[in-house]
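Undergrad: Here it is, the structure, as structure tokens.
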């Protein structure tokens, strides 16, 4: 490009000189500070153009040389970056130095995202990049940050993780998520449910779309026993009728509740429960034996045609032979 530019410049200067000489072949003298300079008129016309052409050529040569140095540095950084990336993923300290801003920022980002994080916290010259990195780090560490300035979509992984962090620490936000009709990621719903079950009032929790599992009910029953929440008898019965529970689950519930609510209320709930959820029958029998309501226990067992409850029968057998044993000896819950 520069060779073509020089050729065209020389041709243009020659053309200007020829036209100027054609119109005037005389000389022109300039006097300044006691000096005189006499040149043909054509030369005076060409001189500014020639000086401009020379300066432009020097300018192009300077930036051409600068471009050559930048390209050389970029190629060198590209080769060093591949080696640096390999060392970073292996958790090795690297002494690689980079000359170009492009790779300097890229190296800082790679260090920040290093899986072993052995390089400490990087510092970015770009304020936007620094703000994004600090936000990412805080969210990754479980903090809740304001993300409005980044305008992230609700499907963004960072946005979802920030919502999870908030759901874990803010009970009101957890209840709000569980009450929402929007389609939410399962991880977010799980975090909201865990916090709400452990900390929210049951009357608020029962109005959400949450579906309780065995562990959730255990937590709620423990909280009920510690008087952290209130659950009415009908609500407790409804809670215990949750689908997907096993006989062993109901036995576990019975053991939790027997030390936390009155025996009369407990027996009344489990009697109703066994009629609606037959799989809870053994838990009811376990409570009857534990409370030494033996006659009623035998009556209910006799009414269970075709069903056997071996552990209860063993306890009754031992009792009938003078060996009173606690129910928990066999029911290791």
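No lab work stands behind these numbers, since they all come straight from the coordinates. These numbers come from a predicted model, not from an experiment. Backbone-built Cβ (ideal geometry, glycine too); neighbour counts: all protein chains shown.
Undergrad: Hey, any idea what Rg/Rh is for the chain, computing Rh the Kirkwood way over Cα pairs? It would help to have the intermediate numbers written out before the result.
TA: Numbers: Rg = 43.0 Å, Rh = 29.0 Å.
Over the Cα atoms of the chain, Rg/Rh equals 1.48.
Undergrad: Which residue fluctuates most in the GNM of the chain (Cα springs below 10 Å): 21, 65, 150?
TA: 21
Undergrad: With runs of 4+ DSSP H residues as the only contributors, calculate the mean residue ellipticity of the chain at 222 nm using -39,500 (n - 2.57) per run, divided by the residue total and rounded to the nearest 500. Can you show the working numbers first?
TA: Numbers: 16 runs with 217 residues, N = 333.
After summing the helix terms and dividing by the residues of the chain, the value is -21000 deg cm²/dmol.
Undergrad: Could you tell me the center-to-center distance, by alpha carbons, between segment 297-333 and segment 3-78 in angstrom?
TA: After rounding, the separation between the Cα centres reads 113 Å.
Undergrad: Evaluate the distance, in nm, between pseudo-label points positioned 7 Å from the Cα of residue 186 and of residue 170 along their respective Cα→Cβ axes.
TA: 2.6 nm
Undergrad: Another question about this same structure. With N denoting the number of residues in segment 224-322, provide Rg(C-alpha) divided by 2.2 N^0.38 Å, to two decimal places.
TA: Numbers: Rg = 13.7 Å, N = 99, 2.2 N^0.38 = 12.6 Å.
Dividing the Cα Rg of segment 224-322 by 2.2 N^0.38 Å gives 1.09.
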